[in-house]
C-alpha cells in the first residue's frame, strides 16, 4: 500500500529487481508488514466498536488474524559497509547471511558486498512490522516477506512487503488513528439539567464537554435526527459517564450524530460543548456542477456522505454498524473513483473484507458478497492500473474462489447452503433455489479471476476460469432467459423455472455486457422501463438500476429519478444521504428499521451513488484500458442545459464541460477518445473530429491538452 | 483439556447431551476457549524465548494464531431464573435468545425455560476465553464454540469448548506461568569479582541474587557443564544486568544450568545466590527398581530428564531450543505413559505442534515430523482411551493429511520437496529420493488416520485412508523389500533402487507389525543384530532400535546396551541425559555440536527412553484396547535377577514384580492378561493359569486384585 509516487516507484523497482539490489536511489524508509496484516488487524479492532445502546455488538462473520510471525528479507550488494538502525513492532532477531546478530539489535553493521538480511518478528497482539533506516538499506517495497527466513513461496513469486504512510519511526502502524479537529456546535439549547446540541449537519467524532464542574453522572443521547436524540429510551447510541474532576472532558467513543442530548445530575455543570470531528484526510478531486441547483446540492451532499463513510475503511454507515460490507463496498469504490480516487482505502477495504485463509464462510456470511469482492478488484485494476496490488492479493482471490466453486450444486450453479445468507436486496422476493442474479455475479467473478490470473501470468488458472465462465454463461442463458418474455426470470427451484421476473438479473446482465443488442433492448423495454415489474426501493440496488439505464443511454430518465429520490431526501431535511427512503413515510416513522425505532442509518455510503452516475454517465469519463491508459469521454446532458466537472485519474484530473452548444475537455492520462452526437456539423479547436456513424463523432484526446468542440443545438441530451 | 475426573465427566455428558441441557449435577466452572487456541498462543510465546548469547533465536517454521474472535454457545433449560456472572478475556457481548443483553454485561439474568446463551469474544493479543459462574450454568464442557453465534460446522459435529485447570476467575489462561520454588546452591566458590555457583545437578529457573549491594554491571554465564560456565566467550546463554538498587534480585529469564559463573564490577557485592526452580507440578506415578543399582540410577536420571523437559509443553531440551519438535515429542509421549501419565501435556503439545489452518509447511518444516504427529495421536488414544480429544483434533488431522497427500509424487510416495527438511536421523545417509522409512511412516500415519476417522464416525474418510494405507504397504514391499538380502533397502532414487541397507526402515517395519514372522526374524538377524550395518549413534533413533529389539524379545541385549550407553553418560558425570553421547569423546570436545563449542544439550528429553523400555518391555505392561480397557502384562527380566515397579493407567497404577522364581501383579483398569514363560509348572494365588503354548502361560487379571505366580528357575529372562 503506497501513498506516494516515490514509494510506488520503489515497489515497482523491487518487482523488477527483487534480488539484484536497487537500481535507483533508495526510497525513504517506511514501516512495512506482510500484505493484509495491518488491514485485518485494524478492521477487527474497528468492527468491535459497534454499540447498540449499552451493549457491544460484534460482527457475526469470521474474524481472521494477522500472521503472528513474519520474516522480512532483503538482499543487498553494498559498495561500502553500512549501519542500519531498526525499529520493530514485536520481539525480533536480525540475521545476516544466515547468522544471528549478537549484541545491539537496534544498530546492525552490514559489511560491503552481497548479503542477505533477515528480520524475524513475532507479535501476537498487533501486526509484526519493521522500520529500517540506513544509507541505502531502508524498509520499503524492496523487502520480501514470508513465514520463514528466505522462504520461497510455491508459486515462485516472492511476496513484497506492504506499507502505507507510516514514514516515521515514532508512528508505527499499531498506533494508527484517524485525524481529528475541533468544531463548534451550531446551536445549543440549555435546560435545567440538560443541553441539546445541534452540530448543524450529520457528523462524527468525540464529543468534548468543556468547563465541566461538580460531581455526578452525565448521559449523552446521540441522534442523527432530533427525534432520536430526544428518544432517551430508544435511540441507538448513548454514553454514560461520571464526572470526577473539573475541566474539559473528551468522550472515549467516536459517535455519529447531528444532535446530542446531554442530561446531567443536579451537581454537574457544563460550560460548552464541541466535537473532535474524526476523519480520514482526503483531497476532493472530483467535482460536478450543472444548470440545476438541486442536482448540484445532491452531488455535494453525496460527496459529504461518501467522505464521512471513508474512514479506516469504506463503511456502510457511520452510526450503526461501523462495519465493512462487501456489497456496499464495491459500490463505494466506484463512487470513490469519481470523487477522491483514494486507492489506498479501496485496497485496505479489499484486504479487510477478505481476511486470511482458510475460508469456511462467505464474506459477511453473504453469498453474493463473496462474489462482489472479485468484481471490486477487477474494477480497481481497471480504474487504477495497479498490477502490484492484484499480484499481492491474487493468492487470496484463488482461495476464496476455491471455496465458492466448491459450493456449486450438481448443475454447476450456486444456491444458498446452510449458514449462507443470500441477500440480493431488501425486497420481498424468493432467495432460495438457483437465482439468476447469483449465477450472473458468479460468471462476472470468474471473468474477473481470469483477468487477474492472466495479469499475474498464472496461465493454467486463467484458462480454467475462462472456460468455467463461458460454460456458466451458456447455462445461465439456457436456464433463465425466457425467449417468450424476452427477459431473465428470477430463479429455478428444484429444477423448475419460476416465472417471476425481477429487475435484478436483467440489470446485471445488461451492465455486465452479457447481452446482444436485441436482448439488451428487450430487457430495457420489458423490464427496466416496465412499471409492471416490481420496483426497486433501496438506494443499494437503485445504484445498479440507474447505472444500467444510463449505460443504455437513458440519462434523461435518470435525471428525473435522481431529482425525485435524492432531492426528496434533501427536502425532508437530509444533510447526508440515507440508508433507505420512502417519500410516503414521515418522521419519526421513517427512521425505524430492523424493528428498531431509530434503526435506520441517516448517513449511508450507498446513498452517495450520484457521484458515480454524474461522473461516469454525465461527464461521461471512464477508463477503457487499465489505469486510464486509454479512456473515453462521452458527455451526456441528461436534459440539463449544461454540466461541468472534474474526473480524477491516476495521471491527473480530466476536466469536462458540456452544454447544448459545445464540449470542452482538458485531457489527462493516456490516450482518450471523445465521443458525442450532434445533429449539426461540429467544429473543433485542437484535434481532429471523425465521423463514427451518422450524427455520431469521435476525437482523439492527447494528455495535457485542451479541446473545444462547438456546435449549435446538438442532440447530446 | 480436562485435569479432573469431574471435568472429564462433564465433557462426556456434553458430548452425549449437547442440546438437551445437563443430565447431571453441574461441573465446577473453569475458563474455556476454542480448542487449540491456548496451546497455539502459549507455544508461540514460549518458543520466542530462545536466546543464543545476546541474540533472540526464533523458530523458522510457520507460527499460527489463535482465533481472534470466538463465540461461546450454551443451550439451557432452567427450572428457575438464574443470574450468571461472567469474566472474559477480551471485548465481548452477551446474547440471550438472539438478543443483545443491555446494561450490566457481567451479571446476566437468564429466565426460566429453554434459552440459548451466546458470548462473543474478541481478543487479538491472547486467546478469547470466558469464565461463567451460575447456579447451574457454568463455563465447562457443555459449551460449544464456533466462529459465529450458533454456528453449525459443516460436518455437523459441534466443537466443544476446551479447558485445562484454570478454575478460578482470577487466574485466566493468559496469566499462565509454571510453578517456582526456591532452591539453594550446592556449592558457591567466591572470587574477587565473581561467584561460581554449582546447583549440584542440571536444573532450570530464575537465578536469584541475594543481598545485592552497590552499583555496577553483573554478567551471568550459565553452564550445563562447568566448562561452559567458565567459557565466557563461547557459552550458549548469558544474562547482563545493571545493579541500580540494593536488595534481592531475580533474573528475568528462566535458564537451564548446573553452574552459573557470575562476574561483577568492583563496586558490586552479592551476598548469596539461589534459584527459583521453575517446573510443571507432576506426580511421579511410574517407578522401576531392579537387582542392578546402575540401571536403577539410569531410570531415576531418566525420570529427572523427562521431568525437566515436561513444561508448558514437552520440550526437546531445556537449555538450547526451548522449542517443540514433533519427532522428539512422539517419543516423549511414550516415555510419559510409563512415568507421569500426564495426558494434558501430551494434548497441549499435540495442539501446539499442529497449529491451525491452512497448512503450507511441514511441522517444524520436517517431512518425517508431520508423519510422527499422526502416530502420536494414535498412541495417545491407545494409552488413554480419550475419544473426546481425537474428536476435537480430528479436523486438523484431516487438513494436515490433505497437505501431506497433496505432496506425493507420481508413484504415490513422499520425497522431500523444496523447503522440506527430510531429517530421519543425525547420521551420514542420503535423504533425497523415495526413502523407505518415510513411506513406512506415511503408511503408519494413514493407519492412524483410518482409526481416528472410524472413531469419529467419518466413514467415508476411514475407508479412503484404509485403502491408501493398504495400497502403500504393497508398494513399499514391492519397491524396498529386497528378497535376496531379506531386508528393506534404504531408498529408491529416480526410479532406481539404492542397495544401501540401513537400520531405520527395518526397525520401523518391525515395530509397526508390517512384517510376517519370517520377515521379522530375517530383519532382526540381517539388520538389527548385524554389526555390518551402519550403527545408530543418536539416542533419538536408539529409542526405536532398542524398542524394536525388545519388541522381538531381545531384552537381554537391550539391558547391556542401556548399561553401556546410559551408564556411560552417568560415569562421565551426567546428572541428566544428553542429546548425544560418544564414549570416545572427552570434555569439553563432547559438548560441541552444530559448530558451537557448547551447542550440545546436556538435558535432552529423548535421552530418557529407558523409562519406556523398562516400563513397556521389562515390567511388560501395555494397553491392547484403548485406555487399558484390555491390556497385557508380560514381564521380562532381561538378564536381571528381579525387577519391580508401577505402570500408570487411566484407572490406577499396575504393580508388577518379577524375579526368576515368581511374578506378582496388582491389577487395575479393564481386563488384563498376564503372560509369562516357565520351564517348570507355575502355581498361582488368585486367578487361573492357562497354558498358551508349550512353556508359555496366560492368566486373566481382574481390576483391583493381587496375583502371585510362583515357579522355580523359570526361563523368563
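Every number in this text was worked out from the coordinates using simple rules, so none of it is lab data. It should be emphasised that the depicted structure is a prediction, and the values quoted were computed from it without experimental measurement. Neighbour counts are summed over all protein chains in view; Cβ atoms, including those assigned to glycine, are modelled from backbone coordinates with ideal geometry.
If you find the alpha carbon centre of segment A:310-350 and of segment A:105-130, how far apart are they in angstrom?
The two parts, judged by their Cα centres, are 34 Å apart.
Consider all pairwise Cα distances in segment A:504-559 and report the whole-number % of them above 17 Å.
That fraction is 28 percent.
If every alpha-carbon in segment B:36-93 counts as one equal scatterer, what log10 I(q)/I(0) does Debye give at q = 0.24, 0.30 1/Å?
Debye intensities relative to I(0), on a log10 scale: -1.07, -1.28.
Cut-off is 10 Å between beta-carbons; in what order do A:197, A:459, A:268 appear when sorted fewest neighbours first?
Ranked by crowding around the Cβ, least crowded first: A:459, A:268, A:197.
How big is the gap, in Å, between the Cα center of segment A:204-260 and the Cα center of segment A:399-419?
Answer, in whole Å: 47.
For chain A, what proportion of DSSP beta bridges, expressed in % and rounded to the nearest 5, is antiparallel?
Given both bridge residues lie in chain A, the antiparallel proportion sits at roughly 95 percent.
So what are the three principal axis dimensions of segment A:569-717 from its Cα atoms, in whole Å, longest to shortest?
Principal extents (Cα only, largest first): 60, 33, 23 Å.
Given q = 0.11, 0.12, 0.19 Å⁻¹, what are the Debye log10 I(q)/I(0) values for segment A:301-368, with equal point scatterers placed on the Cα positions and solvent ignored?
These q points yield log10 I(q)/I(0) values of -0.25, -0.30, -0.72.
Between rounded, prolate and oblate, where does segment A:179-279 land on the alpha carbon gyration tensor, with a ≥ b ≥ c its root eigenvalues, rounded for a/c under 1.5, else prolate if a/b exceeds b/c?
Numbers: a/c = 1.59, a/b = 1.20, b/c = 1.32.
Note, shape of segment A:179-279 comes out oblate.
At q = 0.05, 0.06, 0.09 Å⁻¹, what is the log10 ratio I(q)/I(0) for the protein assembly as shown, with the Debye formula run over Cα points and no solvent?
Normalising to I(0) and taking log10 leaves -0.48, -0.68, -1.33.
If we hang a label 7 Å off Cα along the beta carbon direction at residue A:412, how far is it from the matching labels on the other copies, in nm, shortest first?
The answer, with the shortest distance listed first, is 3.1 nm.
What is the fewest-to-most order of B:639, B:603 by other Cβ atoms lying within 10 Å of their Cβ?
Details: B:639 15, B:603 30.
If I rank by nearby Cβ atoms, fewest first, I get B:639, B:603.
What gaps in nm, shortest first, separate residue B:486 from its twins in the other copies when you place the label 7 Å past Cα toward the beta carbon?
Going from nearest to farthest copy, the values are 8.9 nm.
By counting other Cβ atoms within 10 Å of each Cβ, how are A:604, B:651, B:696 ranked from fewest to most?
Listing A:604, B:651, B:696 from fewest to most nearby Cβ atoms yields B:696, B:651, A:604.
Apply the Kirkwood formula to chain B: the hydrodynamic radius equals the inverse of the mean of 1/r over all pairs of different alpha-carbon atoms; give it in Å with one decimal.
On the way: mean 1/r = 0.0363 Å⁻¹.
When all Cα pairs of chain B are included, the Kirkwood radius is 27.6 Å.
Return a whole-number percent for the relative contact order of chain B, with Cα pairs under 8 Å and 6 or more residues apart as the contact set.
Relative CO of chain B lands at 11 percent.
Remind me, relative contact order of segment B:179-279 in percent, using alpha carbon pairs under 8 angstrom and six or more residues apart?
Normalised by residue count, the contact order of segment B:179-279 is 45 percent.
If I take every Cα pair under 8 Å that is 6 or more residues apart in segment B:625-710, average their sequence separation and divide by the length, what percent do I get for the relative contact order? Write out the running numbers ahead of the final one.
Values: 188 pairs, mean separation 24.7, N = 86.
About 29 percent, as a whole number.
Considering every Cα-Cα pair within segment A:367-448, what fraction, in whole percent, is farther apart than 18 Å?
The proportion of pairs with Cα distances above 18 Å equals 44 percent.
Would you calculate the volume per residue, in Å³, of the smallest convex hull containing every Cα atom of segment A:551-621?
101
Taking a point 7 Å out from Cα toward Cβ as the label site, list the nm distances between residue B:685 and the same residue in every other copy, smallest first.
For residue B:685, the inter-copy label distances come out at 12.2 nm.
Kirkwood Rh and Cα-based Rg: tell me the resulting Rg over Rh for segment B:625-710, rounded to two decimals.
Rounded to two decimals, Rg over Rh is 0.94.
For segment A:273-421, divide the Cα radius of gyration by the Kirkwood radius and give the resulting Rg/Rh value with two decimals.
1.03
Per DSSP H run of n ≥ 4, the term is -39500 (n - 2.57); total these for chain A, divide by its residue number, and report the mean residue ellipticity at 222 nm rounded to 500 deg cm²/dmol.
-9000 deg cm²/dmol
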